[in-house]
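Worksheet: one structure, shown below.
The values are calculated or read from the model by the stated rules, or taken from the named source; none is laboratory data. On a predicted model such as this, the values are computed, not experimentally measured, just so you know. Reconstructed Cβ throughout: ideal geometry from the backbone, glycine too, with neighbour counts over all protein chains shown. Side chains included, ligands, DNA and RNA excluded: accessible areas come from the protein's heavy atoms. Shrake-Rupley method; radii C 1.70, N 1.55, O 1.52, S 1.80 Å.
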Amino acid sequence: MVGFSAPMPSEALERCLEPSHYGAEQKDLARSHQAYIIIYYAGYETDPLEQYVALGLVAGALARLGAVTVVNETAHTTLPAAIFTDDAFDLDLSSFLREGLPLLMLFLWFCKI
């Protein structure tokens, strides 16, 4: 993880927020952020799905600490960070990430929070 005590560059953030399919309130919350964290997978798991699960669990922990949006600048996509918490669905988060998360949502790559 690499953290920045500054807002994410607005041009990059806007390219991701504009096509997002959630409400203006969530987008405004993302725009008002004061810091961001880049997370990378640096473990030993070779299965890409398990790498995503690990990053999703980190995203969920950060959401519980106040992260509001998960952003993939490369894919120009975002998701509300709350999706990565156990509160979001009936499954535990690791099961949700392995079994219930639509494949297209995995394209987020869990890059920036």
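Apolar share of the accessible surface for the chain: 60 percent from carbon plus sulfur atoms, 1.4 Å probe. Solvent-accessible surface of the chain, taken per residue with a 1.4 Å probe and all protein chains present: 58 Å².
Per-residue ellipticity at 222 nm from helix content only, as computed over the chain with -39500 (n - 2.57) for each DSSP H run of at least four residues, stands at -9500 deg cm²/dmol. Label-to-label distance for Ala82 and Ala35 is 2.2 nm, based on points extended 7 Å past Cα in the beta-carbon direction. For the chain, the alpha carbon positions stretch 33, 28, 25 Å along the principal axes, listed from largest to smallest.
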